[in-house]
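Below you'll find the structure, written out as structure tokens, and then a few comments.
The values are calculated or read from the model by the stated rules, or taken from the named source; none is laboratory data. As the structure is a prediction and not an experimental result, all values here were calculated from the model. Positions of Cβ are backbone-derived with ideal geometry, glycine not excepted, and every protein chain shown enters the neighbour counts. Ligands, DNA and RNA are stripped out before the accessible areas are found, and what is left, the full protein with its side chains, is counted by its heavy atoms. Shrake-Rupley method; radii C 1.70, N 1.55, O 1.52, S 1.80 Å.
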Amino acid sequence: MKTIEIQTDNEEIFEAFKNLAKAFKVDFLEKDIATGDSSPSPSNDPYFDNPKNLAEIDAGIIDVKEGRVVKLDRMERKKLLHS
């Protein structure tokens, strides 16, 4: 199976591709992508479109602020990971 991704803000072009997919009876997925203004990712990485991922990041930030995170320096990490 193969997939094609089409990104456009031109509604006429979008509708033409949608109609083409319907004419050939192929599945298509329509989704709005985040723009640079609303996405926390400068590259618009779709990982950041998932609210669960953002919630995990926010929880991690709170853990750091409230002191529930142990920070290791480079040598401590190396010892921990290579022992």
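Taking first residues from region 2-27 that are under 22 Å from P46 (Cβ atoms) and partners that are at pLDDT 90 or above and of a type in the set (F, W, Y), the Cβ contacts under 6 Å between residues at least 6 apart in sequence or on separate chains come to I6/F17; T8/F14.
One line per residue, one yes/no per condition, for (1) surrounded by 10 or more Cβ atoms within 10 Å (Cβ to Cβ); (2) of a type outside the set (A, V, I, L, M, F, W, C); (3) not in a loop (DSSP other than H, G, I, E, B):
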| residue | (1), (2), (3) |
| --- | --- |
| K2 | no, yes, no |
| K31 | no, yes, no |
| N44 | yes, yes, no |
| V69 | yes, no, no |
| E76 | yes, yes, yes |
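Which residue pairs have Cβ atoms closer than 6 Å, lie 6 or more positions apart in sequence or on different chains, and pair a first residue in region 50-62 that is within 13 Å of P40 (Cβ to Cβ) with a second residue that is open to solvent by 60 Å² or more (accessible area, probe 1.4 Å) and aromatic (F, W, Y)? Final answer for the pair search is N53/Y47.
The single residue among A55, A16 that is open to solvent by less than 80 Å² (accessible area, probe 1.4 Å) and within 22 Å of the chain's Cα centre (by Cα) turns out to be A55.
Please verify whether I62 is at pLDDT 90 or above, more than 13 Å from the chain's Cα centre (by Cα) and hydrophobic (A, V, I, L, M, F, W, C), treating the condition exactly as stated. For I62, the condition - at pLDDT 90 or above, more than 13 Å from the chain's Cα centre (by Cα) and hydrophobic (A, V, I, L, M, F, W, C) - is met.
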